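Here is the structure we will look at.
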Amino acid sequence: MARRPCRGVAFAGTLTLLMAAGWTAAPCAASENKSQQDRAASAYVAEALRAEISGENSRRHGLLQAALEEVPDHPAARSQSGYVRSGGRWVKFDEASQSASSDQRL
């Protein structure tokens, strides 16, 4: 999903009033920080995939751990680490498989 960049307030007068009232650009800064964390986690995942191709499995594991430390819910890092999304939470693939096999509705 593409992220929209932070945008400044359209009118300079409004910006001046907001700043005088003590408002800051913290939401934009937080958004930019999250975006940087997402990019860093994605870079770790990409490097982990390169390590996997090279047969460096312990390095791959370490890179995926680094990605998850950066962004715990990073979808690519989670899926490459053997997790799937089930019921709004991340579970190991084996757990999800067992749960699905015992579900009478399936």
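The values are calculated or read from the model by the stated rules, or taken from the named source; none is laboratory data. A quick note: this is a predicted structure, and the numbers were derived from the prediction, not measured. So basically every Cβ, Gly included, is an ideal-geometry build from the backbone, and we count neighbours across all protein chains shown.
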Those residues that are loosely packed, with under 15 Cβ neighbours inside 10 Å and touching a helix residue (DSSP H, G or I) at 6+ places or on another chain (Cβ under 6 Å), I need them from region 66-83; list them, please. 82
Any residue in region 85-106 that's within 16 Å of residue 75 (Cβ to Cβ) and modelled with pLDDT under 85: show its pairings with residues that are assigned to a strand (DSSP E or B) and among the small types (Gly, Ala, Ser) at Cβ separation under 7 Å, as long as the two are six or more apart or on different chains. 96/86
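Give me the residue from region 36-65 that is among the hydroxyl-bearing types (Ser, Thr, Tyr) and in contact (Cβ under 8 Å) with a residue 12 or more places away in the chain and, out of that set, surrounded by the fewest Cβ atoms within 10 Å (Cβ to Cβ). First the steps, then the outcome.
The initial filter retains those residues of region 36-65 that are among the hydroxyl-bearing types (Ser, Thr, Tyr), namely 42, 44, 54, 58.
Now restrict to residues that are in contact (Cβ under 8 Å) with a residue 12 or more places away in the chain: 42, 44.
Numbers: 42: 16, 44: 24.
Filtering region 36-65 for residues that are among the hydroxyl-bearing types (Ser, Thr, Tyr) and in contact (Cβ under 8 Å) with a residue 12 or more places away in the chain, the one surrounded by the fewest Cβ atoms within 10 Å (Cβ to Cβ) comes out as 42.
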